[in-house]
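Values quoted throughout were computed directly from the atomic coordinates according to the rules given, and no laboratory measurement underlies them. Bear in mind that the values here come from a model prediction, so they are computed numbers and not experimental data. Note: ideal-geometry Cβ built from the backbone for every residue, glycine included; neighbour counts use all protein chains shown.
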């Protein structure tokens, strides 16, 4: 029997450097309403409590901003994802900033502690930093670094306080202690804006990155088939779709860290749908829609909703 879809709405933007992605879910819902589409009425949902008020607090640590609140938010999301999977549902996670992915991954591992998880990361960024290496201190650049539990100390540039180290350890240990995924089980699609510490992690672990030009030259089906072959030993898969994987000039600047020369939404749909067809995907997450930065009205949310509706609209 096909699993029922569960919408998990995580309106949190405290892991980002720019405010506004907490409004991304509302922008998605407005996009659906304007299309006379009842997608958001058809499926059960849960709204998570947030700590968005913490943006008014003075940031005391520039290397992991608001990390204690991110730990709490990711813990809430982890429990919600775990509960949904345990109820035999398919969680579609709609989040603000991408720090949420650590909570989602932790929830999947809590539900499937003995199964090896693969991560398909559709994004302009690798998000492999730790507080030791991050140039910004924004935790939306660290979820995969936390998930693989490798602080990349060889490229340390920041010295952490005892409090930050305690919170960072807690973040890495949500759901279950230690690494949630093996770095070799990560596959990137569209990553094109990285810093040296991340490049070294990609090189160290031989993480596959199917860049936009490669997918177009070799064919999307070929690249996705290769990715699926690489993770064939993993029985479960999580897809994380950051809207900045799409071309900001072609689509919209309605995201916190827009990067040109990305995918169009038809290409994103083709990637996600082919991976979904493998039958291994247990969770999909959509992140980083920021309507406050949209230079074309609500275009980013409208485009992201087209992706969501293409994948799940028939359910």
(request) Find how many whole Å separate the alpha carbon centroid of the range 87-114 from the alpha carbon centroid of the range 227-289. (result) 16
(message) I'd like to compare 177-184, 294-301: which one has the highest average count of other Cβ atoms within 10 Å, and what's the full order after that?
(response) 294-301, 177-184
(request) Could you check the simple spin-label distance between residue 182 and residue 53, using points 7 Å along Cα→Cβ, in nm with one decimal? (result) 4.5
(message) Given the -39500 (n - 2.57) contribution per DSSP H run of 4+ residues, what per-residue ellipticity at 222 nm results for the chain, rounded to the nearest 500 deg cm²/dmol?
(response) -11500 deg cm²/dmol
(message) Sequence gap at least 6, Cα distance under 8 Å: using those rules, report the relative contact order of the chain to the nearest whole percent.
(response) 22
(request) Report the percentage of all Cα-Cα pairs in the chain whose separation exceeds 34 Å, rounded to a whole percent. (result) 13
(message) Sort 50, 18, 169 by Cβ crowding within 10 Å, fewest neighbours at the top.
(response) 169, 18, 50
(message) On a full-extension model of 0.36 nm per residue, what is the gain between residue 159 and residue 229, subtracting their alpha-carbon distance, rounded to one decimal in nm?
(response) 21.2 nm
(message) If R₀ is 41 angstrom, what is the calculated FRET efficiency for the pair residue 266 and residue 169, using the beta carbon separation as r and rounding to 0.05?
(response) 0.45
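With 10 angstrom as the radius, rank 98, 51 by how many other C-beta atoms surround their C-beta, starting from the fewest.
51, 98
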